[in-house]
Amino acid sequence: MIVVFLAMFMGLGVAPACAQATIAFQVRGDTIPEPLVARAADASNGARLMADRHRSLCVLCHAGPFSEPHMQGNIAPNLKGLGSRLSAAQIRLRVANIKAINPDSLMPAYLAIADGIDIAEAWRGKTILDPGEVEDIVAYLATLKE
Amino acid sequence: MRSAGLGAALLCVLIGTARAAEIPAAQRQSGSAFMSEATRAMQADDTSNPGMLSVLEGSALWNAPAGKAAKSCASCHGEATASMRGVAASYPAYDERTASPIDLAGRINACRQEHQGLEPFRRESAELLALTAFVGNQSRGLPILPPNDPRLAPHLALGKEIFDRRRGQLDLSCASCHNDNWSGRLGGSPITQAHPTGYPLYRLEWQALGSLQRRVRNCMVGVRAKPFEYGAQELIAVEIYLNQRAAGMNLETPAVRP
């Protein structure tokens with residue numbers, strides 16, 4: 001199955017009720033096969049972002065080898081060794097829009113514009129991260145091998 | 001409530017709350033059960049509990065004559081140890097005059113306006129928190145006993161709906177964490193079950209006493225949602241629901257929390 005998210009956002013496709021999308025990327029199965037930006041990904045920036053409680057928020061829920069263990073959450077899967085379990089293309093969709101895989105997921109969609117209720121004005125119409133940041137995170141997570 | 005896109009929103013709600021299950025009564029735990037031994041000890045000892053300073057300030061305000069008639073709270077209510085015992089355990093309650101629910105801080109302000117002829121204290125002001133803590137402290141050790149008033153039913157339902165509904169840029173509901181993941185840790189801190197057992201309480205993170213409304217607004221900001229205004233009917237509805245959800249649990253006011 002190939003879904004073009006930009007088309008959904010523009011109303012050209014039949015969007016499900018909770019469709020959230022704004023960045024153009026192609027979904028194939030449980031992957032986004034192509035990188036989200038043309039430039040080379042920066043895994044070291046990805047590592048820095050993973051540890052950032054305020055911008056990426058990842059460590060609020062996930063543990064892994066990217067920040068102080070006592071500051072990490074445990075309500076989402078531990079990301080240690082993630083690169084051995086999932087391909088970069090699979091990781092890319094999970095970071096960009098986990099809800100395309102599991103609509104019930106607690107994890108927010110990082111490259112979708114949230115369309116729920118009561119979104120604070122400062123965040124309205126914005127994605128949590130930009131495509132380059134997601135690509136950097138994907139590059140970093142793919143290096144986490146068992 | 002907004003009605004635009006209600007169908008789509010309802011579908012999202014159904015999906016968003018698919019996992020939410022209420023906590024069985026036997027598994028309910030106050031926030032104090034999740035704290036360190038040191039923080040529990042700080043709360044338990046009145047000489048080290050920083051919230052007791054506000055209770056003392058509240059006691060002074062209770063007895064201080066104010067307004068044109070120079071009446072104090074005590075002028076009408078007498079000794080709070082007798083007249084206020086158990087009162088906080090049954091708030092929010094239904095207010096006949098406004099035909100809407102009122103929380104304890106709102107009741108104190110209403111009394112101040114009607115009987116002392118004074119301007120209401122600002123929400124979250126030191127004075128209002130102190131008086132609320134003082135009245136709340138009179139119920140310490142007593143079980144939360146929500147009023148059995150059918151007029152509160154729609155507000156209770158609204159509170160539950162707000163609690164269960166995902167919101168904000170992060171698309172999370174109160175229930176996402178506090179029903180489904182209360183035994184987990186968020187950024188290293190215990191999530192807890194969100195039972196309002198000790199408000200107003202002294203939060204070490206705030207370095208101050210604060211209300212349940214402040215705490216709920218904190219979480220709303222955390223999920224990047226627009227928080228309800230202090231005193232809003234929505235926040236009082238959430239208080240009503242949380243009290244119902246915690247019915248029978250003992251009050252600890254003034255609690256200490258990390």
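At a glance:
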quantity: Accessible-area value, B:SER32, 1.4 Å probe, nucleic acids and ligands omitted, Å²; calculated: 20 Å²
quantity: Spatially proximal lysines relative to B:LYS160 (Cα-Cα < 20 Å; intrachain offsets below 8 disregarded); calculated: B:LYS226
quantity: Cβ-placed point charges (K, R +1; D, E -1), dipole of the stretch B:27-258 about Cα centre in debye, nearest 20; calculated: 360 debye
quantity: Mean accessible surface per residue for the stretch B:27-258, computed with a 1.4 Å probe while every protein chain stays in place, in Å²; calculated: 43 Å²
quantity: Over the stretch B:35-103: Rg over Rh, Cα atoms, Kirkwood Rh; calculated: 1.09
quantity: Principal-axis tilt of helix B:233-245 within chain B, Cα atoms, nearest 10 degrees; calculated: 80 degrees
quantity: Heavy-atom SASA rank of B:THR47, B:THR197 (probe 1.4 Å, accessible area, largest first); calculated: B:THR47, B:THR197
quantity: In the B-A interface, the accessible area buried, summed over both sides, Å² (probe 1.4 Å); calculated: 2500 Å²
quantity: Total formal charge among the other residues, if their Cβ is under 12 angstrom from that of A:ASP42, Lys/Arg +1 and Asp/Glu -1; calculated: -1
quantity: Interchain or long-range residues, amide H under 5 Å from B:ALA225's placed H; calculated: A:ALA120, B:GLN169
quantity: Within-12-Å neighbourhood charge of B:ILE191 [Cβ basis; K, R +1; D, E -1]; calculated: 0
quantity: Under 5 Å, built H, 5+ apart or other chain: amide partners of B:LEU172; calculated: B:ARG167
quantity: 10 Å Cβ neighbours from other chains, averaged over peptide A:110-123; calculated: 6
quantity: Residue-by-residue Karplus 3J(HN,Hα) for the stretch A:75-90, coefficients 6.51, -1.76, 1.60, Hz, glycine and proline x; calculated: 9, 10, x, 5, 8, 4, x, 4, x, 8, 9, 10, 7, 4, 5, 5
quantity: Other-chain or far-sequence residues with amide H under 5 Å of B:ARG257's (modelled H); calculated: B:TYR202, B:ARG203, B:LEU204
quantity: Max mean-square fluctuation residue, GNM over chain B, Cα-Cα springs under 10 Å, options B:ASN137, B:ASN243, B:ASN63; calculated: B:ASN63
quantity: Residue among B:LEU158, B:LEU118, B:LEU172 with the largest mean-square fluctuation in a Gaussian network model of chain B, springs linking Cα atoms under 10 Å; calculated: B:LEU118
quantity: Protein accessible area in the protein assembly as shown, 1.4 Å probe - carbon and sulfur %; calculated: 58 percent
quantity: Accessible area of A:ASP115 in the full protein assembly, 1.4 Å probe (Å², nearest 10); calculated: 80 Å²
quantity: Distance (nanometres) between label positions extended 7 Å along Cα→Cβ at A:ASP52 and B:ASN148; calculated: 5.6 nm
quantity: Extreme residue, positive dipole direction of chain B, given options B:LEU131, B:ALA82, B:ALA70 (C-beta unit charges); calculated: B:LEU131
quantity: Cα gyration tensor shape for the stretch B:177-232, rounded if a/c is under 1.5, else prolate or oblate; calculated: oblate
quantity: Value of [θ]222 nm, deg cm²/dmol, for the protein assembly as shown, DSSP H segments ≥ 4, -39500 (n - 2.57) each, nearest 500; calculated: -10500 deg cm²/dmol
quantity: Cut-off 12 Å between beta-carbons: net charge of the residues surrounding B:ALA133, Lys and Arg +1, Asp and Glu -1; calculated: -2
quantity: Peptide-level mean, for B:182-191, of C-beta atoms on other protein chains within 10 Å; calculated: 5
quantity: The stretch A:2-142, dipole about Cα centre (Lys/Arg Cβ +1, Asp/Glu Cβ -1), debye to the nearest 20; calculated: 220 debye
quantity: In order through the stretch B:184-194: 3J(HN,Hα) via Karplus (6.51 cos²θ - 1.76 cosθ + 1.60), integer Hz, x for Gly, Pro; calculated: x, 10, 10, x, x, 9, x, 6, 6, 9, 6
quantity: Helix axis angle, B:6-16 relative to chain B longest principal axis, alpha carbon, degrees; calculated: 90 degrees
quantity: log₁₀ of I(q)/I(0) at q = 0.10, 0.15, 0.17, 0.20 Å⁻¹ - the stretch A:2-142, Debye sum with one point per alpha carbon; calculated: -0.32, -0.74, -0.95, -1.31
quantity: Accessible area (Å², per residue) of the stretch A:2-142, counting only protein heavy atoms and a probe of 1.4 Å; calculated: 46 Å²
quantity: Karplus (6.51, -1.76, 1.60) ³J(HN,Hα), θ = phi - 60°, over the stretch B:250-258, in Hz, Gly and Pro reported as x; calculated: 7, 7, 10, 3, x, 6, 10, 9, x
quantity: Debye, to nearest 20: dipole size of the protein assembly as shown, +1 on Lys, Arg Cβ, -1 on Asp, Glu Cβ; calculated: 240 debye
quantity: Top of B:ALA208, B:ALA69, B:ALA80 by mean-square fluctuation, Gaussian network on chain B, Cα under 10 Å; calculated: B:ALA69
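The values are calculated or read from the model by the stated rules, or taken from the named source; none is laboratory data. Source: prediction; values computed, not measured. Ideal geometry is used to build each Cβ from the backbone, glycine not excepted, and the neighbour counts take in all protein chains shown. Note: accessible area is taken over every heavy atom of the protein model, side chains too, but ligands, DNA and RNA are not part of it. Shrake-Rupley method; radii C 1.70, N 1.55, O 1.52, S 1.80 Å.
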